[in-house]
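All remarks here apply to the structure that follows.
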Amino acid sequence: MMSEFLPKEVRDGMEAARKRDRGRKTRLRVHVGEAVFPVLRLWDDGFALDADRAPRLRGLVDVYDGSRHICQCLIIASGIENGELVCDFKRATLAQDRPALDFWRDEHAPVGYLTRS
């Protein structure tokens, strides 16, 4: 790699700039109580955060895309890889924009009823 020939200070500065830019590109955020951490990568069964900015997380967190709540997840931090804190989902529940039904809805039920005329 070409960066091997650069002085250590320059490589450290380039790495800091890369991390800063990577955090700006995403709108995804993890909310843990009052704390908010940018998500670097998200996949089906987990996500990655900047290991320098995020503590080792565990428990219930909320994932947002900008201001839109995407899901609520039960997570565990599985390890640090290449400066990223990798968190795995134990459970991920998609956020709904309406309350959950507490009854079974018949798919053939009428949509509405006509009143007498």
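The values are calculated or read from the model by the stated rules, or taken from the named source; none is laboratory data. For clarity, every value in this text was computed on a predicted model and none was experimentally measured. Here the Cβ positions follow ideal geometry from the backbone for every residue, glycine too, while neighbour counts run over all protein chains shown. Note: accessible area is taken over every heavy atom of the protein model, side chains too, but ligands, DNA and RNA are not part of it. Shrake-Rupley method; radii C 1.70, N 1.55, O 1.52, S 1.80 Å.
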**Message:** Condition first: open to solvent by 30 Å² or more (accessible area, probe 1.4 Å), outside any strand (DSSP E or B) and more than 16 Å from Val32 (Cα to Cα). Now tell me which residues in region 56-94 satisfy that.
**Reply:** Asn82
**Complete:** Flagged pairs (Cβ under 9 angstrom, 6 or more apart or on separate chains; first in region 78-93, in contact (Cβ under 8 Å) with a residue 40 or more places away in the chain; second of a type in the set (A, V, I, L, M) and open to solvent by 100 Å² or more (accessible area, probe 1.4 Å)) are Val86/Ile80
**Request:** Being in a loop (DSSP other than H, G, I, E, B) and either closer than 15 Å to Leu60 by Cβ or out of contact with any Phe, Trp or Tyr (no Cβ under 7 Å at 6 or more places or on another chain) (or both) is the filter; apply it to region 27-47 and report the residue that is most open to solvent (accessible area, probe 1.4 Å).
**Result:** Glu34
**Item:** Asp106 being open to solvent by less than 100 Å² (accessible area, probe 1.4 Å), assigned to a strand (DSSP E or B) and out of contact with any helix residue (DSSP H, G or I) (no Cβ under 6 Å at 6 or more places or on another chain)
**Value:** no
